[in-house]
Amino acid sequence: MRSGVPYMATSALFFSGMAALVKLAGHRLPAEEIVLARAAVTLALSYAIVRRASLGWGTHKGRLLLRGVWGSAALFCYYVALTRLPLAEASVFHHTAPLFTAVLAWFLLGERTGSRTAIALALGLAGVLVVSRPAVLFGASTLDPTATAIALAGAGFSASALVTVRSLSQVEDPRVIVLYFPLVTLPLAIPWALRVWVWPTPLEWLELVGVGVCTQIAQLTMTEGLRRERASRATAIGYLQVVFAVIWGGLFFGEVPAGLTAIGAALIVVSTLLIAWKPSPVAADADDV
């Protein structure tokens, strides 16, 4: 197993838990309010971690702020999609991001995508298409087209954020990189949330705190994984979130996956294993061609 794989797999697990909590809270609370709660919790946790480690505010503030902007845009889109689409489908659309990431990493970072990684990404995309069953390929679709478009836009923003994180992870501490996400998101979310504010119940407060805690763990492990792996390889492992989302959707929301969803999830698992597999040195050289 490549050294970044366990971090990215852990990140996928906690991001999927965050998504399930967002969907629970989103039954009554608006997405803008959930974004604000997540930003407040993660900012408090991140600031405490950074201050305790005496890390300061980083040396590449422009790129750190840009990471926050891309991440904030992706977050708003994703949370809107989670409240309007089934959990599995929202997660699937969100995970078209690795495709954008591979292209952006090649164009902006000069990262070459080897043959095995390309095959894995293709299998992951096939799994995404099978799970989402777009109308153009499978006939009539019951998914909200506006929410679908928002989810795909969020995937594009997420890819931009991940490529920025990948470049920053070579020169900044992961804890500082994570700090800038809620630092940018919080002031942007306040006016949006106040406009539609609904006072949470005690249970909903627990769900909102859980969103923040899961996010913090997922962000830290994701950033460390991106530091250890190429962006295209690392983010492809994020397809595991779709599998986790199918499980949580069935357990907590009665969203029984169709047969095609199981096939799509299997393709995603295979693509993840291809990414995670550590070849021999000779094979590794061939993959990097």
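The values are calculated or read from the model by the stated rules, or taken from the named source; none is laboratory data. Treat the numbers as computed from the prediction; the structure is a model and nothing was measured. Counting neighbours? That spans all protein chains shown, and the Cβs are built from the backbone with ideal geometry, glycine included.
Are any of the residues in region 185-193 touching a helix residue (DSSP H, G or I) at 6+ places or on another chain (Cβ under 7 Å), crowded, with 23+ Cβ neighbours inside 10 Å and on the phi < 0 side of the Ramachandran plot? Break it down into steps so the answer makes sense when it comes.
First, the residues of region 185-193 that are touching a helix residue (DSSP H, G or I) at 6+ places or on another chain (Cβ under 7 Å): 185-186, 188-190, 192-193.
Narrowing further to those that are crowded, with 23+ Cβ neighbours inside 10 Å: 185, 189.
From the residues that got through so far, the ones that are on the phi < 0 side of the Ramachandran plot too are 185, 189.
Taking every residue of region 185-193 in turn, at least one turns out to be touching a helix residue (DSSP H, G or I) at 6+ places or on another chain (Cβ under 7 Å), crowded, with 23+ Cβ neighbours inside 10 Å and on the phi < 0 side of the Ramachandran plot.
If a residue must be buried (at least 21 other Cβ atoms within 10 Å of the Cβ) and either more than 20 Å from the chain's Cα centre (by Cα) or of a type in the set (Asp, Glu) (or both), how many such residues does region 163-184 contain?
Summing the residues that are buried (at least 21 other Cβ atoms within 10 Å of the Cβ) and either more than 20 Å from the chain's Cα centre (by Cα) or of a type in the set (Asp, Glu) (or both) in region 163-184 gives 1.
Say we look at region 211-260 and pick out the residues that are acidic (Asp, Glu) and outside any helix (DSSP H, G or I); which of these is modelled with the lowest pLDDT?
Keep residues of region 211-260 that are acidic (Asp, Glu), which gives 224, 229, 255.
Those left that are additionally outside any helix (DSSP H, G or I): 229, 255.
On the way: Glu229: 73, Glu255: 69.
By that ranking, first place goes to Glu255.
Can you confirm whether Gly156 is in contact with a Pro (Cβ under 8 Å, 6 or more places away or on another chain) and either of a type in the set (Ser, Thr, Tyr) or at pLDDT 70 or above (or both)?
Values: in contact with a Pro (Cβ under 8 Å, 6 or more places away or on another chain): no; either of a type in the set (Ser, Thr, Tyr) or at pLDDT 70 or above (or both): yes.
No; evaluated as a whole, the condition is false for this residue.
Yes/no matrix, rows are residues, columns are (1) touching a Leu at 6+ places or on another chain (Cβ under 7 Å); (2) among the β-branched types (Val, Ile, Thr):
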position	(1), (2)
Ser11	no, no
Ala37	yes, no
His60	yes, no
Cys77	no, no
Leu87	no, no
Thr96	yes, yes
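Taking Ala151, is it touching a helix residue (DSSP H, G or I) at 6+ places or on another chain (Cβ under 8 Å), surrounded by 22 or more Cβ atoms within 10 Å (Cβ to Cβ), modelled with pLDDT of 75 or more and under 17 Å from Ser91 (Cα atoms)?
Values: touching a helix residue (DSSP H, G or I) at 6+ places or on another chain (Cβ under 8 Å): yes; surrounded by 22 or more Cβ atoms within 10 Å (Cβ to Cβ): yes; modelled with pLDDT of 75 or more: yes; under 17 Å from Ser91 (Cα atoms): yes.
So Ala151 fits the description; yes.
Give all pairs with beta carbons closer than 7 Å in which a residue from region 62-79 that is of a type in the set (D, E, K, R) meets a residue that is surrounded by 22 or more Cβ atoms within 10 Å (Cβ to Cβ) and modelled with pLDDT under 90; count only pairs at least 6 apart in sequence or on separate chains.
Arg63/Thr164; Arg63/Leu168; Arg67/Ala161; Arg67/Thr164; Arg67/Val165; Arg67/Leu168; Arg67/Ile177; Arg67/Phe181
Of the residues Val41, Val50, which single one is assigned to a helix (DSSP H, G or I), in contact (Cβ under 8 Å) with a residue 60 or more places away in the chain and more than 20 Å from Leu226 (Cα to Cα)?
Values: Val50 fails: more than 20 Å from Leu226 (Cα to Cα).
When all the criteria are applied, what remains is Val41.
Here's the yes/no breakdown for (1) of a type in the set (Ser, Thr, Tyr); (2) under 20 Å from Trp197 (Cβ atoms); (3) in contact with a helix residue (DSSP H, G or I) (Cβ under 6 Å, 6 or more places away or on another chain):
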residue: Ala12; (1), (2), (3): no, no, yes
residue: Ser16; (1), (2), (3): yes, no, yes
residue: Val22; (1), (2), (3): no, yes, yes
residue: Glu33; (1), (2), (3): no, yes, yes
residue: Ala48; (1), (2), (3): no, no, no
residue: Arg52; (1), (2), (3): no, no, no
